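I have placed the structure first, in the form of C-alpha coordinates, so that the comments after it can refer back to it.
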Amino acid sequence: MKRSRLGSLDVTSLGLGSAPLGGLFTPVSDADAEATVARAWALGIRFYDTAPLYGFGLAERRLGAFLRQQPRDSYAISTKVGRLLRAPDGAAAEDEHYKGAGRERPVFDFSYDGVMRSVEESLVRLGLDWVDVLLVHDPDDHYDEAVAGAFRALKRLRDDGTVKAIGAGMNQSEMPVRFAQAAPVDCFLLAGRYTLLDQGALDALFPVCQGRNIGILLGGIYNSGILANPRTSAKFNYQDADAALVARALALDELCRKHGTELKAAALQFCMAHPAVTIAVMGARNAGEVSDNIAMSELAVPPAFWQELRARNLVDARAPLPGGA
(Lines give C-alpha, C1' and ligand atoms only; values in the text may rest on other atoms or scores of the structure.)
Protein backbone atom coordinates (compact mmCIF):
# COMPACT_ATOMS: atom_id res chain seq x y z
CA MET A 1 0.00 0.00 0.00
CA LYS A 2 1.19 3.50 -0.84
CA ARG A 3 2.72 5.35 2.09
CA SER A 4 2.95 9.03 3.03
CA ARG A 5 4.78 11.23 5.51
CA LEU A 6 2.88 12.91 8.34
CA GLY A 7 5.51 14.93 10.15
CA SER A 8 7.92 12.35 11.53
CA LEU A 9 5.44 9.52 10.99
CA ASP A 10 5.53 7.07 8.09
CA VAL A 11 1.87 6.21 7.42
CA THR A 12 -0.25 4.37 4.88
CA SER A 13 -2.13 6.64 2.49
CA LEU A 14 -5.37 4.84 3.39
CA GLY A 15 -6.52 4.78 6.99
CA LEU A 16 -9.41 3.18 8.84
CA GLY A 17 -11.91 5.54 10.45
CA SER A 18 -13.72 4.07 13.43
CA ALA A 19 -16.92 6.14 13.75
CA PRO A 20 -18.96 3.26 12.24
CA LEU A 21 -17.43 0.89 14.81
CA GLY A 22 -19.06 3.09 17.44
CA GLY A 23 -22.49 2.38 15.95
CA LEU A 24 -22.87 5.44 13.73
CA PHE A 25 -26.47 5.29 12.42
CA THR A 26 -26.79 1.52 13.04
CA PRO A 27 -25.42 -0.84 15.71
CA VAL A 28 -22.30 -2.91 15.00
CA SER A 29 -21.65 -6.18 16.82
CA ASP A 30 -18.40 -6.90 18.65
CA ALA A 31 -17.71 -9.67 16.13
CA ASP A 32 -18.19 -7.39 13.12
CA ALA A 33 -16.05 -4.71 14.72
CA GLU A 34 -13.22 -7.15 15.36
CA ALA A 35 -13.48 -8.54 11.82
CA THR A 36 -13.41 -5.01 10.38
CA VAL A 37 -10.17 -4.04 12.09
CA ALA A 38 -8.63 -7.44 11.35
CA ARG A 39 -9.44 -7.11 7.63
CA ALA A 40 -7.95 -3.61 7.53
CA TRP A 41 -4.79 -4.95 9.11
CA ALA A 42 -4.61 -7.95 6.78
CA LEU A 43 -4.95 -5.69 3.74
CA GLY A 44 -2.11 -3.44 4.85
CA ILE A 45 -3.79 -0.46 6.50
CA ARG A 46 -1.56 0.89 9.26
CA PHE A 47 -3.23 4.18 10.18
CA TYR A 48 -6.27 4.18 12.46
CA ASP A 49 -8.41 7.10 13.59
CA THR A 50 -10.75 7.18 16.54
CA ALA A 51 -12.27 9.52 19.14
CA PRO A 52 -14.11 9.42 22.47
CA LEU A 53 -17.20 10.67 20.63
CA TYR A 54 -17.50 7.59 18.43
CA GLY A 55 -19.95 5.40 20.28
CA PHE A 56 -19.03 7.27 23.48
CA GLY A 57 -15.88 5.22 24.02
CA LEU A 58 -17.04 2.10 22.19
CA ALA A 59 -14.90 2.70 19.08
CA GLU A 60 -11.77 3.33 21.14
CA ARG A 61 -12.29 0.14 23.12
CA ARG A 62 -12.94 -1.95 20.02
CA LEU A 63 -10.01 -0.54 18.08
CA GLY A 64 -7.65 -0.91 21.01
CA ALA A 65 -8.68 -4.52 21.61
CA PHE A 66 -7.14 -5.46 18.26
CA LEU A 67 -4.26 -3.00 18.01
CA ARG A 68 -2.75 -3.76 21.39
CA GLN A 69 -2.08 -7.28 20.11
CA GLN A 70 0.13 -5.86 17.33
CA PRO A 71 3.70 -4.53 17.55
CA ARG A 72 3.29 -0.96 18.73
CA ASP A 73 5.79 0.49 16.29
CA SER A 74 4.08 -1.10 13.29
CA TYR A 75 1.09 1.29 13.06
CA ALA A 76 -0.03 4.82 13.90
CA ILE A 77 -3.23 5.83 15.66
CA SER A 78 -4.95 9.16 16.20
CA THR A 79 -7.57 10.06 18.75
CA LYS A 80 -9.17 13.30 19.78
CA VAL A 81 -9.67 15.65 22.71
CA GLY A 82 -12.32 18.20 23.65
CA ARG A 83 -14.99 15.84 24.94
CA LEU A 84 -14.95 14.01 28.25
CA LEU A 85 -17.27 11.04 28.70
CA ARG A 86 -19.40 11.32 31.81
CA ALA A 87 -22.46 9.45 33.10
CA PRO A 88 -25.55 11.69 33.20
CA ASP A 89 -27.46 12.14 36.44
CA GLY A 90 -30.57 10.51 35.03
CA ALA A 91 -31.27 7.88 32.43
CA ALA A 92 -29.42 8.30 29.14
CA ALA A 93 -31.72 8.50 26.13
CA GLU A 94 -30.58 6.78 22.95
CA ASP A 95 -28.36 9.07 20.95
CA GLU A 96 -29.52 10.33 17.58
CA HIS A 97 -26.38 9.17 15.81
CA TYR A 98 -24.66 6.42 17.83
CA LYS A 99 -26.61 3.23 18.34
CA GLY A 100 -25.73 0.59 20.88
CA ALA A 101 -23.52 2.94 22.89
CA GLY A 102 -23.15 2.77 26.66
CA ARG A 103 -24.56 5.11 29.28
CA GLU A 104 -21.84 7.77 29.25
CA ARG A 105 -22.32 10.91 27.20
CA PRO A 106 -19.80 13.48 25.93
CA VAL A 107 -19.26 16.81 27.67
CA PHE A 108 -17.25 19.52 25.92
CA ASP A 109 -14.03 20.51 27.71
CA PHE A 110 -11.26 22.26 25.77
CA SER A 111 -9.32 23.34 28.84
CA TYR A 112 -5.70 22.37 29.44
CA ASP A 113 -6.65 20.09 32.35
CA GLY A 114 -9.62 18.67 30.49
CA VAL A 115 -7.40 17.69 27.56
CA MET A 116 -4.91 15.99 29.85
CA ARG A 117 -7.74 14.00 31.46
CA SER A 118 -9.14 13.14 28.04
CA VAL A 119 -5.82 11.70 26.88
CA GLU A 120 -5.45 9.59 30.03
CA GLU A 121 -8.99 8.24 29.70
CA SER A 122 -8.56 7.46 25.99
CA LEU A 123 -5.39 5.49 26.71
CA VAL A 124 -7.27 3.43 29.30
CA ARG A 125 -10.06 2.66 26.82
CA LEU A 126 -7.55 1.83 24.09
CA GLY A 127 -5.31 -0.18 26.39
CA LEU A 128 -2.26 1.51 24.83
CA ASP A 129 0.67 3.39 26.32
CA TRP A 130 0.52 6.22 23.79
CA VAL A 131 -1.15 7.52 20.65
CA ASP A 132 0.71 9.03 17.73
CA VAL A 133 -1.62 11.88 16.74
CA LEU A 134 -3.88 14.03 18.93
CA LEU A 135 -6.57 16.23 17.41
CA VAL A 136 -8.78 18.88 18.99
CA HIS A 137 -12.26 17.67 18.07
CA ASP A 138 -15.02 20.00 16.82
CA PRO A 139 -14.04 23.24 18.62
CA ASP A 140 -16.41 25.20 16.35
CA ASP A 141 -17.89 27.23 19.23
CA HIS A 142 -14.80 27.12 21.43
CA TYR A 143 -12.01 28.77 19.44
CA ASP A 144 -10.52 30.84 22.25
CA GLU A 145 -10.60 28.00 24.78
CA ALA A 146 -9.04 25.64 22.25
CA VAL A 147 -6.13 28.00 21.56
CA ALA A 148 -5.56 28.91 25.21
CA GLY A 149 -6.10 25.44 26.67
CA ALA A 150 -6.30 22.48 24.31
CA PHE A 151 -3.50 23.41 21.91
CA ARG A 152 -1.25 24.43 24.79
CA ALA A 153 -1.70 20.96 26.27
CA LEU A 154 -1.13 19.27 22.92
CA LYS A 155 2.04 21.27 22.31
CA ARG A 156 3.40 20.16 25.67
CA LEU A 157 2.62 16.51 24.86
CA ARG A 158 4.35 16.81 21.50
CA ASP A 159 7.33 18.66 22.95
CA ASP A 160 7.92 15.97 25.57
CA GLY A 161 7.62 13.20 22.98
CA THR A 162 4.32 11.76 24.24
CA VAL A 163 2.75 12.26 20.78
CA LYS A 164 4.27 12.82 17.36
CA ALA A 165 1.73 15.15 15.73
CA ILE A 166 -1.06 17.51 16.80
CA GLY A 167 -3.89 19.30 15.07
CA ALA A 168 -7.67 19.54 14.88
CA GLY A 169 -10.48 17.42 13.49
CA MET A 170 -13.39 19.41 12.06
CA ASN A 171 -16.26 19.39 9.59
CA GLN A 172 -15.46 22.89 8.35
CA SER A 173 -12.48 24.35 6.50
CA GLU A 174 -12.58 27.96 7.76
CA MET A 175 -11.55 27.61 11.42
CA PRO A 176 -8.60 25.32 10.69
CA VAL A 177 -7.09 28.21 8.71
CA ARG A 178 -7.19 30.29 11.90
CA PHE A 179 -5.69 27.45 13.91
CA ALA A 180 -2.87 27.10 11.38
CA GLN A 181 -1.99 30.72 12.05
CA ALA A 182 -2.43 30.59 15.84
CA ALA A 183 -1.06 27.18 16.89
CA PRO A 184 1.91 24.99 15.88
CA VAL A 185 -0.19 22.28 14.22
CA ASP A 186 1.10 19.37 12.15
CA CYS A 187 -2.15 18.23 10.55
CA PHE A 188 -5.89 18.57 10.27
CA LEU A 189 -8.52 15.88 9.92
CA LEU A 190 -11.00 17.49 7.57
CA ALA A 191 -14.36 15.74 7.18
CA GLY A 192 -16.60 16.31 4.21
CA ARG A 193 -15.12 19.55 2.91
CA TYR A 194 -13.15 18.14 0.02
CA THR A 195 -15.30 15.73 -1.95
CA LEU A 196 -16.94 15.44 -5.36
CA LEU A 197 -19.82 17.48 -3.90
CA ASP A 198 -17.92 20.05 -1.81
CA GLN A 199 -14.51 21.55 -2.61
CA GLY A 200 -14.60 24.32 -0.01
CA ALA A 201 -11.12 23.44 1.25
CA LEU A 202 -9.64 24.80 -1.98
CA ASP A 203 -10.47 28.38 -1.03
CA ALA A 204 -7.97 28.85 1.80
CA LEU A 205 -7.23 25.74 3.83
CA PHE A 206 -5.35 23.65 1.28
CA PRO A 207 -3.11 26.54 0.14
CA VAL A 208 -2.29 27.40 3.77
CA CYS A 209 -1.53 23.78 4.61
CA GLN A 210 0.66 23.29 1.56
CA GLY A 211 2.55 26.48 2.35
CA ARG A 212 3.17 25.44 5.96
CA ASN A 213 3.69 21.70 5.37
CA ILE A 214 0.57 20.80 7.36
CA GLY A 215 -0.82 17.37 6.54
CA ILE A 216 -4.46 16.71 5.68
CA LEU A 217 -6.20 13.59 6.93
CA LEU A 218 -9.31 13.55 4.78
CA GLY A 219 -12.49 12.03 6.14
CA GLY A 220 -16.11 12.10 5.05
CA ILE A 221 -15.08 11.33 1.47
CA TYR A 222 -18.54 9.90 0.71
CA ASN A 223 -20.21 12.85 2.52
CA SER A 224 -21.93 10.54 5.03
CA GLY A 225 -23.09 8.13 2.35
CA ILE A 226 -24.57 10.14 -0.51
CA LEU A 227 -21.48 9.49 -2.66
CA ALA A 228 -21.56 5.80 -1.82
CA ASN A 229 -25.20 5.34 -2.80
CA PRO A 230 -27.29 8.39 -3.74
CA ARG A 231 -30.33 6.26 -4.58
CA THR A 232 -31.43 5.02 -1.17
CA SER A 233 -31.97 7.22 1.94
CA ALA A 234 -28.98 9.37 1.04
CA LYS A 235 -27.31 11.29 3.86
CA PHE A 236 -25.06 14.34 3.65
CA ASN A 237 -23.20 15.74 6.66
CA TYR A 238 -24.84 13.12 8.90
CA GLN A 239 -28.35 14.33 7.97
CA ASP A 240 -30.88 13.39 5.28
CA ALA A 241 -29.66 14.97 2.05
CA ASP A 242 -31.81 17.62 0.40
CA ALA A 243 -33.18 17.18 -3.10
CA ALA A 244 -30.60 19.42 -4.78
CA LEU A 245 -27.67 17.45 -3.36
CA VAL A 246 -29.29 14.16 -4.28
CA ALA A 247 -29.76 15.43 -7.84
CA ARG A 248 -26.07 16.39 -8.08
CA ALA A 249 -24.98 13.03 -6.70
CA LEU A 250 -27.26 11.20 -9.12
CA ALA A 251 -25.77 13.17 -12.01
CA LEU A 252 -22.29 12.10 -10.91
CA ASP A 253 -23.48 8.52 -10.58
CA GLU A 254 -24.95 8.58 -14.08
CA LEU A 255 -21.69 9.92 -15.45
CA CYS A 256 -19.82 7.09 -13.76
CA ARG A 257 -22.23 4.53 -15.21
CA LYS A 258 -21.81 6.05 -18.65
CA HIS A 259 -18.06 5.44 -18.40
CA GLY A 260 -18.38 2.00 -16.84
CA THR A 261 -16.98 2.90 -13.45
CA GLU A 262 -18.10 3.28 -9.82
CA LEU A 263 -19.12 6.49 -8.07
CA LYS A 264 -17.25 5.40 -4.94
CA ALA A 265 -14.05 4.89 -6.92
CA ALA A 266 -14.36 8.31 -8.52
CA ALA A 267 -15.11 9.95 -5.17
CA LEU A 268 -12.13 8.38 -3.42
CA GLN A 269 -9.61 8.81 -6.22
CA PHE A 270 -10.67 12.43 -6.76
CA CYS A 271 -9.80 13.20 -3.15
CA MET A 272 -6.51 11.32 -3.15
CA ALA A 273 -5.34 13.19 -6.25
CA HIS A 274 -4.87 16.47 -4.39
CA PRO A 275 -1.27 16.88 -3.20
CA ALA A 276 -2.42 18.40 0.09
CA VAL A 277 -4.10 15.12 1.09
CA THR A 278 -1.83 12.91 3.19
CA ILE A 279 -4.23 10.14 4.22
CA ALA A 280 -7.72 9.19 3.09
CA VAL A 281 -9.48 8.03 6.27
CA MET A 282 -12.23 5.63 5.26
CA GLY A 283 -14.85 4.42 7.72
CA ALA A 284 -16.16 0.85 7.64
CA ARG A 285 -18.63 -1.14 9.72
CA ASN A 286 -17.73 -4.61 8.49
CA ALA A 287 -14.90 -6.45 6.77
CA GLY A 288 -16.59 -6.26 3.38
CA GLU A 289 -16.64 -2.46 3.47
CA VAL A 290 -12.90 -2.40 4.22
CA SER A 291 -12.22 -4.59 1.19
CA ASP A 292 -14.52 -2.44 -0.92
CA ASN A 293 -12.78 0.79 0.12
CA ILE A 294 -9.41 -0.58 -0.93
CA ALA A 295 -10.85 -1.94 -4.18
CA MET A 296 -12.33 1.49 -4.96
CA SER A 297 -8.94 3.11 -4.43
CA GLU A 298 -7.45 0.77 -7.04
CA LEU A 299 -10.27 0.47 -9.59
CA ALA A 300 -9.35 1.85 -13.00
CA VAL A 301 -11.40 4.98 -13.68
CA PRO A 302 -11.29 5.82 -17.41
CA PRO A 303 -9.52 9.08 -18.33
CA ALA A 304 -12.60 9.96 -20.36
CA PHE A 305 -14.61 10.16 -17.14
CA TRP A 306 -12.29 12.76 -15.64
CA GLN A 307 -12.23 14.68 -18.90
CA GLU A 308 -16.02 14.86 -19.06
CA LEU A 309 -16.22 15.72 -15.37
CA ARG A 310 -13.98 18.71 -16.10
CA ALA A 311 -15.71 19.64 -19.37
CA ARG A 312 -19.10 19.70 -17.66
CA ASN A 313 -17.80 21.83 -14.77
CA LEU A 314 -19.00 19.31 -12.20
CA VAL A 315 -16.04 20.09 -9.92
CA ASP A 316 -14.08 23.24 -9.11
CA ALA A 317 -11.67 24.09 -11.92
CA ARG A 318 -8.85 24.39 -9.35
CA ALA A 319 -9.19 20.76 -8.26
CA PRO A 320 -6.47 18.48 -9.63
CA LEU A 321 -7.79 15.30 -11.23
CA PRO A 322 -6.16 11.87 -11.38
CA GLY A 323 -3.85 11.55 -14.33
CA GLY A 324 -3.76 15.32 -14.85
CA ALA A 325 -7.12 15.35 -16.66
Members of the stretch 84-100 found to be in contact (Cβ under 8 Å) with a residue 24 or more places away in the chain and in a loop (DSSP other than H, G, I, E, B), listed by number: 95, 97, 99, 100
Any idea which residue in the stretch 71-83 is farthest from residue 157 (Cα to Cα), counting only those that are in a loop (DSSP other than H, G, I, E, B) and in contact with a helix residue (DSSP H, G or I) (Cβ under 7 Å, 6 or more places away or on another chain)? 75
With the condition kept exactly as written, say whether any residue in the stretch 69-78 is charged (D, E, K, R) and surrounded by 14 or more Cβ atoms within 10 Å (Cβ to Cβ). no
Give me the pairs: first residue in the stretch 295-319 and within 16 Å of residue 195 (Cα to Cα), second residue among the basic types (Lys, Arg) and part of a helix (DSSP H, G or I), beta-carbon distance under 6 Å, and six or more apart or on different chains, which are they? 296/264
In the stretch 216-262, anything open to solvent by 10 Å² or more (accessible area, probe 1.4 Å) and small (Gly, Ala, Ser) is listed as 220, 224, 225, 228, 233, 234, 241, 243, 244, 247, 251, 260
Can you find a residue that is farther than 24 Å from residue 240 by Cβ and touching a Gly at 6+ places or on another chain (Cβ under 7 Å) anywhere in the stretch 177-185? yes
With the stretch 101-173 as the region, which strands (runs of 3 or more DSSP E) entirely inside it contain at least 2 residues that are open to solvent by less than 20 Å² (accessible area, probe 1.4 Å)? 133-137, 165-170
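The values are calculated or read from the model by the stated rules, or taken from the named source; none is laboratory data. This is a predicted model, so every value here is computed, not measured. Virtual Cβ from ideal backbone geometry, glycine too; neighbours counted across all protein chains shown. Only protein heavy atoms, including side chains, enter the accessible area calculation; ligands, DNA and RNA are left aside. Shrake-Rupley method; radii C 1.70, N 1.55, O 1.52, S 1.80 Å.
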